[in-house]
Ligand code: ATP
């Protein structure tokens, strides 16, 4: 994907740079439990500092404070961790400021042009490194590229490159393994991938709607009756869809999942779930079949757990898939969210080729082939090229991009008019996790 990169920016020396990051990290009170998203942006920050940027202002959202100042979502712990990491990388942390949580202001999610004006005030350049938020047409994502010379940071550029390469030129056979709770969350993605992959492997809660569509009984398992027809159409289309042939099920009245005492009887059954029983994982035979499919692939995309992996009685299928994805010689990509959490929990995260930092964003990019945040950067680059002419072939910078700022200073960024708005497929994710992205 042709995004403007850091190297395409006017020389950052002596400039003030606004960086949009995605530091929406998991917190236990004020303790950060996983700082991957902060560490991931260090290459972008050190590149800017190394090229003499006078001041870097990083902005992020954290949680869902809904447009009001809420101390629970104060970025102070992130600010402290960022300063530590910068100092550890040999940088002077005083040249980097972390602004307050963007979502303390209702203008962020509303895409308010006045909020955009405030964000870009006093800034010379804009860098978007917030892949996890690139599917939102929020003010800080789509607004600044209309005012400032803009580029993708390292995280965003790499995510866009890897994920769009799966759409454009995957090494074959290309196998996508999809799981997670609801088929309705991912039907668009499934339909889009079905025509691109060589085999679509379906597990997790969503497999029951497919199993129902192929005539199996699903007992008390998660079933979306209004999606059975869509699943049947997909199965009838002749696409290669691999469904579970056996399942791990829990007896009627048994309890499972976080916050519950694990009770009830667990059994392995075929593809039919007995009345009153609940399918909560793929069975061992299916885990072996899925492993074979993954082993034979040149490209593997995995998104969504194969069962309720939070409960050890139903984690075997997800573990088998995680191990197969980690072991494959093919190019492996794991979408964010629960599958990334699962692969990290199994200690296999560093054995996949690309672990996406964005759950909802990665799925939307794979489904639609583009995201509002990426489109905004490309449009900014196209406007800059129009004004300043093409870049000289030696790669030295044109001042066209720099000219962009002055000419658009009075223009209001209409963030809301671009692409899809908030509440994409993530809006209906599992209640336990409260949605994607
Ligand atoms: P994200 O939406 O954050 O990207 P994801 O796409 O990896 O996450 P989700 O669709 O959110 O996955 O679903 C994950 C949840 O699905 C897990 O909490 C898991 O317990 C649940 N799940 C998996 N299999 C089943 C099943 N058979 N029945 C009920 N829930 C299931």
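Rule-based calculations on the coordinates, nothing more; no lab input. Note that the coordinates shown come from a computational prediction; the quantities given were computed from them, not determined experimentally. FYI the Cβ positions are ideal-geometry reconstructions off the backbone, even for glycines, and counts take in every protein chain you see.
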Using the 10 angstrom Cβ neighbour count as an exposure proxy, how do 346, 256, 290 rank, fewest first? 346, 256, 290
Determine the distance separating the Cα centre of the stretch 307-340 from the Cα centre of the stretch 156-220; give it in Å without decimals. 14 Å
Work out, step by step, the length gained on full extension between residue 236 and residue 92: first 0.36 nm times the residue separation, then minus their alpha carbon distance; give nm to one decimal. 45.8 nm
Would you kindly work out the equivalent ellipsoid of the stretch 217-314 from its C-alpha gyration tensor and give its semi-axes, the square roots of five times the eigenvalues, largest first in whole Å? 25, 18, 12
Modelled label reach - residue 387, point 7 Å along Cα→Cβ, the stretch 1-38 residues with backbone N closer than 14 Å: 10
Evaluate the relative contact order of the stretch 86-243 (contact order divided by residue number), counting alpha-carbon pairs under 8 angstrom at least 6 apart; express in whole percent. 16 percent
Which whole-number percentage describes the relative contact order of the chain, with Cα contacts under 8 Å and a sequence gap of 6 or more? 19 percent
Over all alpha-carbon pairs of the chain, lay out the pair-distance distribution in 20 Å bins, whole %, shortest bin first. 26, 52, 21, 1
Roughly speaking, what is the centre-to-centre gap between the stretch 221-252 and the stretch 95-136 when only Cα atoms are used, to the nearest Å? 42 Å
Exposure proxy check: 362, 150, 251, 221 ranked by fewest other beta carbons within 10 Å? 251, 221, 150, 362
Kindly provide log₁₀ I(q)/I(0) values, in the same order as q = 0.16 Å⁻¹, from the Debye equation applied to equal alpha-carbon scatterers of the stretch 69-137. -0.74
Full-stretch length increase - residue 76, residue 13 - with 0.36 nm per residue and alpha-carbon distance subtracted: 19.9 nm
FRET efficiency for residue 344 and residue 295, Cβ-Cβ distance as r, R0 = 22 Å, nearest 0.05? 0.50
If neighbour count is taken as other Cβ atoms inside 10 Å, put 210, 331 in order from fewest to most. 331, 210
Contour minus Cα-Cα distance for residue 191 and residue 268 (0.36 nm per residue): 24.7 nm
Ellipticity estimate at 222 nm from DSSP helix runs (n ≥ 4, -39,500 (n - 2.57)) divided over the chain, nearest 500: -10500 deg cm²/dmol
In terms of the alpha carbon gyration tensor, root eigenvalues a ≥ b ≥ c, rounded if a/c is under 1.5 and otherwise prolate when a/b exceeds b/c or oblate, the stretch 20-137 is oblate
Once you sort the root eigenvalues of the Cα gyration tensor of the stretch 75-211 as a ≥ b ≥ c, which label holds: rounded (a/c under 1.5), prolate (a/b larger than b/c) or oblate (the other case)? prolate
